[in-house]
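In what follows, a single structure is set out as structure tokens and then discussed.
The values are calculated or read from the model by the stated rules, or taken from the named source; none is laboratory data. Treat the numbers as computed from the prediction; the structure is a model and nothing was measured. Cβ coordinates were reconstructed from backbone atoms using ideal geometry, including for glycine residues, and neighbour counts include every protein chain displayed.
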Amino acid sequence: MGGQNHYLPAGGFSQYLYHTEGESAVINGLRVKVLAKIDEDNHHSGLPFYSNTSDVYLKIERDGILVEQAIIYQNRKAVLEFDWGHNHNGKIGHPSFKKGEVHVHELHQIDGKVRRNSKVQPRWMNTEEMVKYGDIIRFANPNAKMR
């Protein structure tokens, strides 16, 4: 689990920036791991945009108790980010989210790198996402509110 600059398309990373916390799980057929930054003094604001072998990575809050973020990967590249560990103030005409409310960021390949598309505002989870990923979020943090 590394950063975009360390991603190897054939598999793995040239440098690992994260390590697995606890046991991996399989939930709804998806491989799920909880990650932590190796250099704990440099608490990264999020999870890596590329995975090694998992379909979902989860990030623990800085206090080390509950999970606050999940990223969903397809073909090792991040496609969705679910956040609930912070308040998110929406722009005019878009929803705002309180800490504990899951909001979704859609991720895209832009200039050869995975990035949040700044033109697409965070949104609530849709029904399909709740069915597919809801058990993972409940496993990660039973208090997270999906809608």
What pairs can you find where one residue is in region 125-147 and within 25 Å of A36 (Cα to Cα), the other is polar (S, T, N, Q) and surrounded by 11 or more Cβ atoms within 10 Å (Cβ to Cβ), and their Cβ atoms are less than 8 Å apart, with a gap of 6+ or different chains? K132/N28; Y133/N28; D135/N28; I136/N28
Within region 50-107, residues of a type in the set (D, E, K, R), within 14 Å of the chain's Cα centre (by Cα) and closer than 19 Å to T127 by Cα come out as E81, D83, E106
Tally up the residues in region 73-86 that are surrounded by 21 or more Cβ atoms within 10 Å (Cβ to Cβ) and in contact (Cβ under 8 Å) with a residue 40 or more places away in the chain, please. 2
If D111 satisfies all but one of (1) at pLDDT below 85; (2) among the acidic types (D, E); (3) surrounded by 13 or more Cβ atoms within 10 Å (Cβ to Cβ), what's the number of the condition it fails? (3)
How about region 124-145: which of its residues are within 10 Å of V102 (Cβ to Cβ), in contact with a strand residue (DSSP E or B) (Cβ under 9 Å, 6 or more places away or on another chain) and surrounded by fewer than 17 Cβ atoms within 10 Å (Cβ to Cβ)? W124, K145
